[in-house]
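Here is the structure we will look at.
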Amino acid sequence: MKIKLLTLAILTFISCKNVNEKESEQQEINIDSTEIKSTSYEKKQKNAISNGIWISTIDSLSSVEIKGKKWIFKYKSVQTATDDYYEYLISESVFDKDSSLIGGTLVLTKQSNTLKYGIDYISDKNMDLIYLPRGNFQHFEKKE
(Lines give C-alpha, C1' and ligand atoms only; values in the text may rest on other atoms or scores of the structure.)
Protein backbone atom coordinates (compact mmCIF):
# COMPACT_ATOMS: atom_id res chain seq x y z
CA MET A 1 0.00 0.00 0.00
CA LYS A 2 2.84 2.42 0.87
CA ILE A 3 4.55 1.63 -2.43
CA LYS A 4 1.40 2.52 -4.36
CA LEU A 5 1.07 5.86 -2.54
CA LEU A 6 4.75 6.65 -3.08
CA THR A 7 4.49 5.78 -6.78
CA LEU A 8 1.36 7.94 -7.11
CA ALA A 9 3.11 10.88 -5.39
CA ILE A 10 6.16 10.61 -7.67
CA LEU A 11 4.00 10.44 -10.82
CA THR A 12 2.02 13.49 -9.68
CA PHE A 13 5.23 15.44 -9.07
CA ILE A 14 6.63 14.52 -12.50
CA SER A 15 3.42 15.48 -14.31
CA CYS A 16 3.33 18.88 -12.55
CA LYS A 17 6.93 19.51 -13.52
CA ASN A 18 6.17 18.84 -17.21
CA VAL A 19 3.28 21.33 -17.15
CA ASN A 20 5.58 24.08 -15.83
CA GLU A 21 8.27 23.35 -18.42
CA LYS A 22 5.80 23.56 -21.31
CA GLU A 23 4.75 27.11 -20.41
CA SER A 24 7.84 28.50 -22.15
CA GLU A 25 7.23 26.49 -25.33
CA GLN A 26 4.95 27.48 -28.18
CA GLN A 27 3.64 25.28 -30.93
CA GLU A 28 4.11 26.25 -34.56
CA ILE A 29 1.75 24.49 -36.95
CA ASN A 30 2.74 24.18 -40.62
CA ILE A 31 0.18 22.94 -43.13
CA ASP A 32 1.01 21.91 -46.67
CA SER A 33 -0.89 19.84 -49.21
CA THR A 34 0.33 16.48 -47.88
CA GLU A 35 0.54 16.77 -44.10
CA ILE A 36 0.22 18.86 -40.97
CA LYS A 37 3.38 19.38 -38.92
CA SER A 38 3.49 20.68 -35.38
CA THR A 39 6.83 21.80 -34.01
CA SER A 40 7.69 23.62 -30.82
CA TYR A 41 10.04 26.54 -30.45
CA GLU A 42 11.36 28.38 -27.41
CA LYS A 43 10.42 31.96 -26.68
CA LYS A 44 13.48 34.17 -27.02
CA GLN A 45 11.68 37.44 -26.71
CA LYS A 46 12.85 40.51 -24.91
CA ASN A 47 11.75 44.07 -24.53
CA ALA A 48 15.01 45.61 -25.66
CA ILE A 49 16.33 47.27 -28.78
CA SER A 50 19.76 46.10 -29.87
CA ASN A 51 22.58 48.47 -28.96
CA GLY A 52 24.21 50.54 -31.67
CA ILE A 53 23.57 53.43 -34.01
CA TRP A 54 20.31 53.53 -35.94
CA ILE A 55 20.24 55.82 -39.01
CA SER A 56 17.02 57.36 -40.26
CA THR A 57 16.08 56.31 -43.80
CA ILE A 58 14.10 59.55 -44.21
CA ASP A 59 16.89 61.94 -43.07
CA SER A 60 20.37 60.38 -43.30
CA LEU A 61 21.82 63.15 -41.06
CA SER A 62 19.54 62.03 -38.22
CA SER A 63 20.31 59.01 -36.06
CA VAL A 64 19.58 57.40 -32.71
CA GLU A 65 22.16 55.71 -30.52
CA ILE A 66 20.98 52.96 -28.19
CA LYS A 67 23.12 52.09 -25.14
CA GLY A 68 21.33 49.73 -22.78
CA LYS A 69 18.07 51.50 -21.95
CA LYS A 70 19.43 54.90 -23.06
CA TRP A 71 18.05 56.52 -26.22
CA ILE A 72 20.27 59.31 -27.59
CA PHE A 73 19.06 61.49 -30.49
CA LYS A 74 21.89 62.63 -32.75
CA TYR A 75 22.14 64.93 -35.74
CA LYS A 76 25.27 65.12 -37.89
CA SER A 77 27.51 68.11 -37.07
CA VAL A 78 25.54 68.86 -33.87
CA GLN A 79 27.30 68.04 -30.59
CA THR A 80 25.20 66.02 -28.10
CA ALA A 81 25.91 66.36 -24.37
CA THR A 82 26.72 63.14 -22.53
CA ASP A 83 23.76 63.62 -20.17
CA ASP A 84 21.30 64.50 -22.96
CA TYR A 85 19.50 61.18 -23.34
CA TYR A 86 16.10 59.57 -22.82
CA GLU A 87 15.34 56.36 -20.95
CA TYR A 88 13.11 54.06 -22.99
CA LEU A 89 10.45 51.58 -21.95
CA ILE A 90 8.60 49.15 -24.22
CA SER A 91 5.16 48.02 -23.10
CA GLU A 92 2.27 46.01 -24.54
CA SER A 93 4.76 44.06 -26.66
CA VAL A 94 3.66 41.82 -29.51
CA PHE A 95 6.25 39.48 -31.04
CA ASP A 96 6.36 37.43 -34.21
CA LYS A 97 7.94 33.97 -34.42
CA ASP A 98 11.35 35.50 -35.22
CA SER A 99 11.26 37.46 -31.92
CA SER A 100 10.83 40.78 -33.72
CA LEU A 101 8.52 43.32 -32.14
CA ILE A 102 5.47 43.88 -34.34
CA GLY A 103 3.35 45.90 -31.92
CA GLY A 104 3.39 47.76 -28.66
CA THR A 105 4.31 51.13 -27.26
CA LEU A 106 7.70 52.82 -26.90
CA VAL A 107 7.87 55.57 -24.28
CA LEU A 108 10.91 57.85 -23.99
CA THR A 109 11.30 59.85 -20.78
CA LYS A 110 13.76 62.55 -19.74
CA GLN A 111 12.97 64.53 -16.58
CA SER A 112 9.59 66.16 -17.35
CA ASN A 113 9.68 65.40 -21.09
CA THR A 114 7.89 62.30 -22.43
CA LEU A 115 7.70 61.10 -26.04
CA LYS A 116 5.34 58.30 -27.05
CA TYR A 117 5.72 56.07 -30.12
CA GLY A 118 3.74 53.17 -31.50
CA ILE A 119 5.83 50.20 -32.58
CA ASP A 120 5.20 49.05 -36.12
CA TYR A 121 8.26 46.79 -36.37
CA ILE A 122 11.58 46.40 -34.51
CA SER A 123 14.16 43.74 -35.37
CA ASP A 124 17.94 43.57 -35.02
CA LYS A 125 18.37 45.51 -38.29
CA ASN A 126 15.23 47.63 -38.83
CA MET A 127 13.05 49.85 -36.68
CA ASP A 128 9.72 51.38 -37.80
CA LEU A 129 7.99 53.66 -35.30
CA ILE A 130 4.91 55.88 -35.33
CA TYR A 131 5.22 59.18 -33.46
CA LEU A 132 1.80 59.19 -31.80
CA PRO A 133 1.04 62.91 -31.39
CA ARG A 134 1.41 63.52 -35.15
CA GLY A 135 1.05 60.01 -36.57
CA ASN A 136 4.11 60.21 -38.82
CA PHE A 137 6.29 57.18 -39.45
CA GLN A 138 9.99 57.05 -38.65
CA HIS A 139 12.15 54.38 -40.25
CA PHE A 140 15.62 53.44 -39.02
CA GLU A 141 18.24 50.94 -40.18
CA LYS A 142 20.99 49.72 -37.89
CA LYS A 143 24.47 50.83 -38.89
CA GLU A 144 26.74 47.87 -39.61
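The values are calculated or read from the model by the stated rules, or taken from the named source; none is laboratory data. Just so we're clear, the structure is a prediction, and the values are computed from it rather than from any experiment. When we count neighbours, we look across all protein chains shown, and the Cβ atoms used for this are built from the backbone with ideal geometry, even at glycine.
Here are the numbers for the structure shown:
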read-out: Residue within the stretch 69-76 that is in a strand (DSSP E or B), touching a Phe, Trp or Tyr at 6+ places or on another chain (Cβ under 8 Å) and loosely packed, with under 15 Cβ neighbours inside 10 Å present; value: yes
read-out: Residue in the stretch 113-136 that is over 18 Å from the mean Cα position of the chain (by Cα) and crowded, with 16+ Cβ neighbours inside 10 Å present; value: yes
read-out: Every residue from the stretch 69-93 that is farther than 21 Å from PRO133 by Cβ, modelled with pLDDT under 90 and under 21 Å from the mean Cα position of the chain (by Cα); value: SER93
read-out: Selection within the stretch 90-100 - free of Cβ contacts under 8 Å to residues at least 40 places away in the same chain and of a type in the set (A, V, I, L, M, F, W, C); value: VAL94
